[in-house]
Amino acid sequence: MKFLCIDCDAQMTFEERQQPGDGTFTASFTCPRCGRRVAMLANPMETQLVSTLGVEIGGRTLDEQPLEFTRTAVAGRDDAFAEVASRTPNAARPAWSRDAEDRLARVPGFVRGMVKKIYSDYARERAIAEITPDVMDRARTELGLEGM
């Protein structure tokens, strides 16, 4: 969020942040052109939200990175945001036989992509070059998906 001076149309610069001790905080900003000052007062609930989210009040000196908040807030695999090619450098995507594609086409559209990924990952992990109905049956059995 940025504050603009209405008179100068200039981005205001962060001046200071204070926490009076009553659960609130204030932040003041100054227009670099005309010197106009504004202050923002956050109530205790807003202050807690800002603190919980780890928001830095006062701006930043670096440009934001793509998905920065997600990258820092999501716990999980270390390579979760690595390019797929770098996670599996030697794994080629398996081909699909015509019969397997026909069978996949009968899966409801809203889950078809997920089902295709499950079978592709299964085949890739086992170095299976082509997905056939037999491979799909084995995957269902080994992965415990028979009832689905």
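The values are calculated or read from the model by the stated rules, or taken from the named source; none is laboratory data. No experiment lies behind these values; they were computed from the predicted model shown. Virtual Cβ from ideal backbone geometry, glycine too; neighbours counted across all protein chains shown.
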- Query: Taking M45, is it on the phi < 0 side of the Ramachandran plot, outside any loop (DSSP other than H, G, I, E, B), exposed (fewer than 11 other Cβ atoms within 10 Å of the Cβ) and modelled with pLDDT of 80 or more?
  - Reply: yes
Within region 99-127, of all residues that are more than 27 Å from the chain's Cα centre (by Cα) and not in a helix (DSSP H, G or I), the one surrounded by the fewest Cβ atoms within 10 Å (Cβ to Cβ) is R106
Going through region 1-25 in order, the residues found to be part of a loop (DSSP other than H, G, I, E, B), of a type in the set (A, V, I, L, M, F, W, C), surrounded by 12 or more Cβ atoms within 10 Å (Cβ to Cβ) and modelled with pLDDT under 85 are F3
Restricted to region 128-148 and to residues being of a type in the set (G, A, S) and out of contact with any strand residue (DSSP E or B) (no Cβ under 7 Å at 6 or more places or on another chain), the residue surrounded by the most Cβ atoms within 10 Å (Cβ to Cβ) is A139
